[in-house]
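Contents: one structure, followed by commentary.
The values are calculated or read from the model by the stated rules, or taken from the named source; none is laboratory data. Since we're looking at a predicted model, the values are computed, not measured. Cβ atoms come from the backbone with ideal geometry, glycine included; neighbour counts cover every protein chain shown.
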Amino acid sequence: MNNSLGSTARLLGAGLRALLVLTLICGVVYPLAVTGVAQALFPGKANGSEVTANGKVVGSSLIGQRYDLPLKDGQETAEPDLKWFQPRPANGLGSNSVNTQYKLILSGATNRSGDNEELIDWVTAAKAAVVKDNSVPGHRVNPADVPADAVTSSGSGLDPDISPAYAELQIRRVAEKNHLDVNQVEKLVKDHTDGRILGFMGEPRVNVLQLNIALKDLAKGA
């Protein structure tokens, strides 16, 4: 009996020692080491790829955000603020019933097949809205020129980028709303268009948040 109790005590002791050592290594030393390396080599990415404007953090270059007008009485969906470049639609966002303080707790794509009637109706309505919102006196947007990312949400629903084609489609409207010359806004879009990664991976893209920060500075100086 004494031998059995002694063996059990030794096993428990060894198990507790292993637990403490592994907890120290995996729960303290390893996270601190990884965090230290990340902060030393990639501080911007390690801190969430934050974007600052006038010394304040205004968002992340990895997460899209909306540019909407304040909700009016009786409205459930805010109207887009057309003086800003608009991101991809976020209709894939799930309704937030978990914590109503935050609107982006749930996200995702529409997850419907290409021949789904609801998706077809939604894309048709979205295209009509893009044409209407971006047509200005003397220039009506051709529906055939509306790119796919203007009427569909991304896989996550939080895409921070739009295609150069969608950015260019919005130039005349943005210029008119901000009382800017079209050529100025065209240059702004070109300056904020990123090419393919390493020249061959992915597609050219425009980060909407960074573009709108530059637009705000341009409009302020106009």
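Summed over region 178-222, the residues that are touching a strand residue (DSSP E or B) at 6+ places or on another chain (Cβ under 9 Å) and in a helix (DSSP H, G or I) give a count of 8.
State yes or no: is residue 158 crowded, with 18+ Cβ neighbours inside 10 Å, touching a residue at least 12 places away in the same chain (Cβ under 8 Å) and part of a helix (DSSP H, G or I)? Here the answer is no, as residue 158 does not meet what is asked. Just to be sure I understand the filter: pairs with C-beta atoms under 7 Å, separated by 6 or more residues or on different chains, first member in region 49-70 and without any contact (Cβ under 8 Å) to a residue 60 or more places away in the chain and in the same structural domain as residue 193 (by TED's automatic domain parsing), second member assigned to a loop (DSSP other than H, G, I, E, B) and among the charged types (D, E, K, R). Which pairs pass? Every condition considered, the pairs that remain are 68/79; 68/81; 69/79; 69/81. Of all residues in region 135-155, those satisfying the criterion of being free of Cβ contacts under 8 Å to residues at least 40 places away in the same chain and among the polar types (S, T, N, Q) are 135, 142.
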